[in-house]
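**Q** Structure in structure tokens, see below.
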Amino acid sequence: MFEKVLVANRGEIAVRVMAACEELGIETVAIYSDADRDGGHVAYADEAYNVGPAPASDSYLDQETIIEVAERAGADAIHPGYGFLAENAEFARRVESTDGITWVGPSSDAMETLGEKTAARSVMESADVPVVPGTTEPVDDAEEVRELGEEYGYPIAIKAEGGGGGRGMKIVHSDAEVDDALESAKREGEAYFGNDSVYVEKYLDAPKHIEVQVLADQHGNVRHLGERDCSLQRRHQKVIEEAPSPILDADLRAEIGDAARRGVREADYTNAGTVEFLVEDGEFYFMEVNTRIQVEHTVTEEVTGIDIVRWQLRVAAGEELGFEQDDVTIEGHAAEYRINAENPAEEFAPTPGTLETYRPPASIGVRLDHAVGQGDEIGGDYDSMIGKLIVTGEDREHCLDRSKRALEHFEIEGLHTTIPFHRLMLDDETFVSGEHTTKYLDSELDATDLDAAVEQWGPDQTDSDSAGASATELAVEVDGKRFDVVVEDGLQQVPSGGSSGGSDSSGGVSGGSSGGQQTAAAGAVTAEMQGTILSVEVAEGEQIAQGEVICVLEAMKMENDVVASTSGTVASVPVSEGDSVDMGDTLIVLE
Ligand code: ADP
């Protein structure tokens, strides 16, 4: 086994890999950019090296520097995580040719074969795996694209060879759109993946995205760990992933799993990988292979009990997979929620900021993969991920019930997150039924529902809006029962006479902490429920102590004492005996 592994990545995936190393007794080396000096992955590692300025091209993508650091640190392996250099065959080849350092991933040859989409399609065809109808050769000419449009029927997709995550993919609905789409797919391919070669596929109407996790060792063993359903997508980007898929039956599951194994075996593939398929009308079609660990590997780990990252390290070190295909069983159901610093009400625009409050959920069935803590900055230099919440239950329904609970208890203040979106999905009939396809969100999601979700479940605007905090939260006990009340600042201004001076003068209040406390606690005490005032126990101008009864409120056939949570002077009493009050009505104002 390795002695020291350099993790060429950052954030949660770097920590995930280091956790597996730690459990195997392997020392860990982090790399970081200037922007990540305080990064969670840096703190986690046994040692850490600065590899350059914030832009990824100058740090996390700097192949030469990373290999130099690995040598300097005495690392005997490099794990790339996902993103950055993870699917870069050239980097893998450089690592392979560096003495004493092993690449934790498939061979550079296998990466090259399966990383190019047309080459991968050919490999799959030779392994008898059905592929999405389309070309296995690059296409250069608009006329040829139009002929293919005729042949398959529109819509078709023009895809960049190196593309992924929806980038470099253009959907064409008619002959007239071909020229522009071809040009822009080539442009995007060149810009994002350094490769302007494109090919053509039939664009399926409303498929499911089903992907199969595979693990292969250097001794010819290939296993699949079942499928993940990543059909809930926004603009071709996955947002919630789950395992197993709610739409596969046992036969189709076995067939797809088998196809995935045949395909990667054909490419002499080793280590972990994902074979992606589209499934429509009970038929499945190969789409592409991801030659790395994926963001959503976690849900497979939860339902199989197999630690995929641990196996990545073990097979890279030459070990044999210690289980047969029949040993792999799927138990329960898991879902992963990507918790991103994005505002769902603003087209999911990234919202960098500070995690002023960060209180993640806990308890049974909850796993959190993250590398952040309260007070950390989510910067704008890399992706917007804060962490991944993974929830497991006995079956899908149980998993979704648990997910509701976990998301409700995930408290983040200081920036917008995707939590309101996830909570909306857990009330969404189509998602809950499991019938959603990859088209669902883009065609059906209502922007006003997103606005409402963010309003209801998003960060507390009054807390984070420093320009004018307009409310204070107070805890009040009514008959020994605790209520949290929100006191509007406007109501605090009510004090009659004003002999004690306004809040403007509070800076000059002498007497230290007790004076400060009083000011902070002053304000309107409001009714927590609708009811009738049976008696008022205090009068204007009276000094009252903490715990003193202010009034008695009859509500829900019970008498409730409203008790002052702090001491103070009664500035006004807008209610009197016999009044009926609504929830939120002011009962007294303290100053
Ligand atoms: P990835 O994001 O997995 O790297 P792609 O960019 O190839 O892969 O595909 C992303 C998503 O685009 C898929 O999950 C699917 O929703 C959609 N997609 C890709 N190809 C097709 C197709 N031929 N027909 C319908 N949808 C497609």
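The values are calculated or read from the model by the stated rules, or taken from the named source; none is laboratory data. In this text the structure is predicted, and so the values were computed from the model without any measurement. Heads up, the Cβs are rebuilt from the backbone with ideal geometry, glycines too, and the neighbour counts pull from every protein chain shown.
**Q** Residues that are in the same structural domain as Val289 (by TED's automatic domain parsing), touching a residue at least 24 places away in the same chain (Cβ under 8 Å) and surrounded by 22 or more Cβ atoms within 10 Å (Cβ to Cβ): which helices (runs of 4 or more DSSP H) entirely in the range 81-200 hold 2 or more of them? Show your work before the answer.
**A** Working: elements: 89-96, 108-115, 117-126, 142-152, 178-193.
Filter on the range 81-200 gives an empty set.
**Q** Give the residue that is nearest to the ligand (Cβ to nearest atom), with candidates limited to residues of the range 233-254 that are part of a strand (DSSP E or B) and under 17 Å from Glu397 (Cα atoms).
**A** Of the residues in the range 233-254, the ones part of a strand (DSSP E or B) are 233-234, 237-243.
Then drop every residue that is not under 17 Å from Glu397 (Cα atoms), which leaves 240-243.
Working: Ile240: 13, Glu241: 11, Glu242: 14, Ala243: 16 Å.
In this case the residue turns out to be Glu241.
**Q** Would you please name the residue that is nearest to the ligand (Cβ to nearest atom), looking only at residues in the range 255-299 that are polar (S, T, N, Q) and under 16 Å from Val315 (Cβ atoms)?
**A** My answer is Thr274.
**Q** Continuing with the same structure: Criterion first (outside the structural domain of Val562 (by TED's automatic domain parsing), farther than 30 Å from Ile210 by Cβ and at pLDDT 95 or above) does Ala467 satisfy it? Break it down into steps so the answer makes sense when it comes.
**A** Details: outside the structural domain of Val562 (by TED's automatic domain parsing): yes; farther than 30 Å from Ile210 by Cβ: yes; at pLDDT 95 or above: no.
So Ala467 fails the test.
**Q** Follow-up. Of all residues in the range 557-577, which are farther than 16 Å from Gly480 by Cα and either surrounded by 14 or more Cβ atoms within 10 Å (Cβ to Cβ) or free of Cβ contacts under 8 Å to residues at least 40 places away in the same chain (or both)? Step through it out loud before you land on a result.
**A** Going through the range 557-577, the residues farther than 16 Å from Gly480 by Cα turn out to be 557, 567-577.
Within the range 557-577, Lys557, Ser567, Gly568, Thr569, Val570, Ala571, Ser572, Val573, Pro574, Val575 meet the criteria.
**Q** When you scan the range 519-559, how many residues do you find that are in contact with a Cys (Cβ under 7 Å, 6 or more places away or on another chain) and of a type in the set (Asp, Glu)?
**A** 1
**Q** Where in the range 351-438 are the helices (runs of 4 or more DSSP H), entirely inside, with at least 2 residues that are in contact with a Pro (Cβ under 7 Å, 6 or more places away or on another chain)?
**A** Hits in the range 351-438: 396-408, 419-425.
**Q** If I go through the range 113-141 residue by residue, how many of them are out of contact with any strand residue (DSSP E or B) (no Cβ under 9 Å at 6 or more places or on another chain), among the charged types (D, E, K, R) and either modelled with pLDDT of 95 or more or within 14 Å of the ligand (Cβ to nearest atom) (or both)?
**A** Residues meeting the conditions: 1.
**Q** Still on this structure, please answer the following. Would you be able to tell me the number of residues in the range 203-226 that are within 11 Å of the ligand (Cβ to nearest atom), closer than 15 Å to Val131 by Cα and either of a type in the set (Val, Ile, Thr) or surrounded by fewer than 19 Cβ atoms within 10 Å (Cβ to Cβ) (or both)?
**A** Going through the range 203-226 one residue at a time, the tally reaches 1.
**Q** Do the conditions hold for Ile339, that is, is it outside any helix (DSSP H, G or I), modelled with pLDDT of 95 or more and more than 25 Å from Ile293 (Cβ to Cβ)?
**A** Against the criterion (outside any helix (DSSP H, G or I), modelled with pLDDT of 95 or more and more than 25 Å from Ile293 (Cβ to Cβ)), Ile339 does not qualify.
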